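Comments concern the structure below.
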Amino acid sequence: MQIVSKLRERRYQAILGAIIMAVIILAVKPEVLLEGIQRSSLYAVIALPMALILGIVGIINLAHGDFMMLGSYMAYWFAVKSGLDPLLAMIPAMLAFFLIGILTFYALIKPVLGSQELNQLLLTFGLGLVLEEAANLSFTSAPLKLSVPYVSASLTIGDLTFGTFEFVYVLAAMLVFYIISLFLKKTRIGRAARAVGQNPKGAKLVGIDVNKTYLIIFSLSIAIIGTIGVLFAMRHSVFPVMGAPYTMKSFCLIAMAGIGNITGILWYSALLGVSESIITAIPGAAGWADLVFFALIVGAILIRSYQQRVK
Amino acid sequence: MKIWKAFVIAALFLAAASLPFYTGTYLLHTIYIIMMYMSLAISWDMLLRAGQLSFGIAGLFGIGGYAATMLQVFTNINPLICILFGAIMAGLISLLIGLATLRLRGIYFAIITLAMAEIFRVIIRNLPDTWTGGAMGIVLNNAIFNGDVKQTYWLVFGILLITIVLSEVFNKSRIHFAITSIRNDEIVAMSSGIDIFKWLVVIFVITSTLQGLVGAAYTEIYGSVNPDANFSVHYSLLPLAMALLGGIRSTWGPVIGAIVLGLAGEYLKLLMPYGYLIIYGLIIILVILFLPDGIMGLIKKLTQKK
C-alpha cells in the first residue's frame with residue numbers, strides 16, 4: 001500500500017510540474033504550447049488503441065503505426081478516386097479496418113497468443129514490415145499529399161497565430177479517450193475485457209469467452225487506428241514508413257504510463273508533445289526533437305528498474 | 001563419431017579458407033557478403049539464446065561503420081585498427097544501453113533496440129557535418145587492401161570464424177548454463193545465485209561488438225558511410241530472417257539460414273529490384289507460425305523419425 005500511495009504522490013507531482021511548465025511557456029511563447037497540445041493529442045490518440053491491445057490482449061503490436069499508414073493511404077485513394085472530402089473516408093475506413101482487424105486476429109495473432117513474448121514481437125515486426133513494403137510496392141516510396149483547403153486555415157488572436165484544423169486531433173483524442181473509458185466501464189463486453197486483461201484464466205472460469213473478447217478488442221483498436229490514419233492523411237504527407245515513429249512513440253507513452261493506465265497516457269503524451277514543441281522552437285535545435293521520446297523512454301525504464309530494486 | 005565431426009569441420013574450414021584460389025571475383029564477392037550477414041545472424045542468435053530479442057543490429061552495424069570511418073579520416077592509420085576501433089565503440093555504446101535497460105523485462109529492451117538505429121541516425125545527422133559528413137556521409141579515398149577481393153574475403157572469413165568460435169564457446173562453457181537457466185526460468189536462475197543482469201550485459205556487449213565489427217569491416221570494404229545506407233533496416237531484418245529460417249538457438253541454424261537466404265536473395269534482387277524486403281517479412285511471419293524451429297528443426301524431426 002505504501003508503494004501505491006508513493007506512486008500517487010509522484011503522479012500528482014508530475015501533474016503539478018506539467019501545469020507549472022505550461023504556465024511558464026504560456027507566458028513566454030504561447031504558440032509553442034498550443035502547437036504542443038495539438039501534437040500531444042495526436043500522440044495520445046495513436047497510443048490509446050495500442051495501449052488497449054497491450055493492456056487486454058497482452059500483445060505489443062509493432063505494426064501499429066503501419067495500420068495507421070494503411071488508413072492514410074486509404075483516405076488518399078478515396079479522395080482521389082471519388083473526388084469527395086477525404087474526411088468522409090472515415091466511415092468506410094472504420095468498417096474496413098474492423099474487418100482487417102478480424103482477419104489479422106484470426107490469421108496471425110490468435111496462433112501466437114499463448115506463445116513466448118519474443119515470438120509475438122517478431123511476428124508483429126514482420127507484419128509491420130510486410131505492410132510497409134506492400135505500400136512501397138503499390139504506391140512507391142514518394143510522399144503523397146492531399147490538398148484540402150480548410151486544413152491549412154489559421155486563426156490570429158492579437159499577435160498569436162495558430163492552425164485551427166489541428167484541433168481536430170484534440171477533439172479526436174478526447175473522443176477516443178471517453179469512448180474507450182465508457183466502453184470499459186459501462187458495457188458488458190468492456191467489463192469482460194477488463195476482467196480478461198487482469199486475469200485471463202479467472203475470466204474464463206467465470207464464463208467469459210476470452211477469445212471473443214480478444215477478437216473484439218483487437219479489431220476495435222485496429223478500426224480506431226485505421227480511422228485516425230484518415231485524419232492523419234488530411235494534414236500530413238503519406239509515405240510507407242510514416243507509421244514507424246508513431247509505433248515507437250506510442251510504446252514510449254505506454255511504458256511511461258504503465259500498462260493498463262489509460263489516463264496516464266494523456267498526461268505523458270502532453271509531456272512528450274510539449275517537450276518536442278519546445279525543442280523544435282529553439283533555433284538550431286529542431287533536429288534533436290526526435291530524440292526526446294528516446295530520452296523519456298530510457299528515463300522511464302531507469303526509474304522502473306530502480307523501483308523494482310527497491311522493492 | 002567425434003573424429004568424423006572434427007574431420008568434417010577441418011575439411012569445411014580448409015575448403016572455405018582456400019576458396020579464393022579457385023573461384024572468380026563475383027562469386028567470392030557474393031560469398032563474403034553472405035558471410036557478413038551470417039556473422040550478424042549468429043551474433044543476434046547468441047543474444048536470443050539468453051532470452052533477449054534485439055532489433056538493433058542495424059544501429060550497432062552503423063555505429064561500428066561510422067566510428068571506423070571517422071577514425072580513418074581523422075588519423076589515416078591502418079584500416080584494420082579502424083575496424084577494431086569501430087567494434088570497440090559499438091561495444092561501449094551497447095554497454096551503456098545494456099546497463100540502462102537490461103534490468104527489466106525483455107519487451108523494454110526489444111523496443112529500445114528497435115529505436116536504436118533511428119536514434120543513432122538522428123544523432124549522426126545532427127552532429128557537425130565536419131565530423132560525420134552530414135546527410136551525404138563520408139567517402140574514403142581508398143577501400144581496404146586497395147579493393148583486393150582475396151584479402152577482403154579472408155578478412156570477412158576471419159570475422160566469421162571469430163563469431164562461430166565465440167558462439168560455440170558460449171554453448172560449451174559455464175556461461176551457457178547460466179544463460180540457459182535464464183532462458184528457462186529467470187526465478188530459478190536468480191535464486192540459485194546467478195547474477196542474470198551481469199551476464200545479460202556481458203552477452204549484449206559481446207554480440208554488439210561483433211555486430212560493430214562487421215559494420216566497420218563493411219564500411220572499410222566499400223569505402224563509404226552515409227546515415228541512410230548504414231543504418232538501413234536491411235541490416236536488422238536480413239540476419240533476423242536468416243536465423244529464424246535456419247533455426248534459432250544454435251550456431252549452425254543461422255549458418256544454414258544465411259546460405260539459403262543469401263543465395264536466394266541474390267536471385268530475388270534480380271527478380272524484383274526494389275520491395276524485395278517484403279519476402280523477408282513474409283519469411284519471418286511464416287516461420288514463426290508454421291516452422292518455429294526453422295530448417296534445423298525440420299531436419300532433426302525428419303532424421304529422428306527414421
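Every number in this text was worked out from the coordinates using simple rules, so none of it is lab data. This one's a predicted model, so the numbers in the text were calculated from it and none came from an experiment. So basically every Cβ, Gly included, is an ideal-geometry build from the backbone, and we count neighbours across all protein chains shown.
Conditions (1) surrounded by fewer than 24 Cβ atoms within 10 Å (Cβ to Cβ); (2) within 23 Å of B:A16 (Cα to Cα), marked per residue:
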site: B:L237; (1), (2): yes, no
site: B:A241; (1), (2): no, no
site: B:L245; (1), (2): no, yes
site: B:G253; (1), (2): no, yes
site: B:A258; (1), (2): no, yes
site: B:Y267; (1), (2): yes, yes
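Number of residues in the range A:211-264 that are closer than 21 Å to A:I56 by Cα and out of contact with any Ser or Thr (no Cβ under 6 Å at 6 or more places or on another chain): the value is 36. In this structure, does B:I248 turn out to be within 17 Å of A:G126 (Cα to Cα), within 12 Å of another protein chain (Cβ to nearest Cβ), touching a Gly at 6+ places or on another chain (Cβ under 9 Å) and part of a loop (DSSP other than H, G, I, E, B)? Considered against the rule, which asks whether it is within 17 Å of A:G126 (Cα to Cα), within 12 Å of another protein chain (Cβ to nearest Cβ), touching a Gly at 6+ places or on another chain (Cβ under 9 Å) and part of a loop (DSSP other than H, G, I, E, B), B:I248 comes out as yes. Within the range B:259-289, the residues that satisfy the criterion of being within 8 Å of chain A (Cβ to nearest Cβ), of a type in the set (V, I, T) and either more than 22 Å from B:M35 (Cα to Cα) or without any contact (Cβ under 8 Å) to a residue 40 or more places away in the chain (or both) are B:I278, B:I285, B:I288.
The conditions of being within 14 Å of chain B (Cβ to nearest Cβ), within 30 Å of B:I278 (Cβ to Cβ) and of a type in the set (V, I, T) are met by A:T247. If I filter the range B:70-86 for residues that are surrounded by fewer than 21 Cβ atoms within 10 Å (Cβ to Cβ) and within 14 Å of chain A (Cβ to nearest Cβ), do I get at least one hit? Taking every residue of the range B:70-86 in turn, none turns out to be surrounded by fewer than 21 Cβ atoms within 10 Å (Cβ to Cβ) and within 14 Å of chain A (Cβ to nearest Cβ).
Screening B:V122 with (1) in contact (Cβ under 8 Å) with a residue 12 or more places away in the chain; (2) assigned to a helix (DSSP H, G or I); (3) within 14 Å of another protein chain (Cβ to nearest Cβ) gives one miss only, at (1).
Of all residue pairs spaced 6 or more apart or on separate chains, those with beta-carbon atoms under 7 Å, a first member in the range A:103-130 that is more than 10 Å from chain B (Cβ to nearest Cβ) and a second member that is surrounded by 15 or more Cβ atoms within 10 Å (Cβ to Cβ) and not aromatic (F, W, Y) are A:T104/A:I222; A:F105/A:L215; A:F105/A:S219; A:I109/A:I59.
Do any residues in the range A:283-304 that are more than 7 Å from every other protein chain (Cβ to nearest Cβ) and touching a residue at least 60 places away in the same chain (Cβ under 8 Å) have Cβ atoms under 6 Å from those of residues that are of a type in the set (A, V, I, L, M, F, W, C) and not in a helix (DSSP H, G or I), where the two are at least six apart or on different chains, and which pairs are they? From the range A:283-304, no pairs qualify.
Could you please let me know if B:T101 is without any contact (Cβ under 8 Å) to a residue 60 or more places away in the chain and surrounded by 17 or more Cβ atoms within 10 Å (Cβ to Cβ)? When the stated conditions are applied, B:T101 passes them. Helices (runs of 4 or more DSSP H) fully within the range A:112-231 that include at least 3 residues being hydroxyl-bearing (S, T, Y) and closer than 30 Å to A:T263 by Cβ: A:167-186. Of everything in the range A:242-295 that is within 14 Å of the chain's Cα centre (by Cα) and among the aromatic types (F, W, Y), the residue that is surrounded by the most Cβ atoms within 10 Å (Cβ to Cβ) is A:F251.
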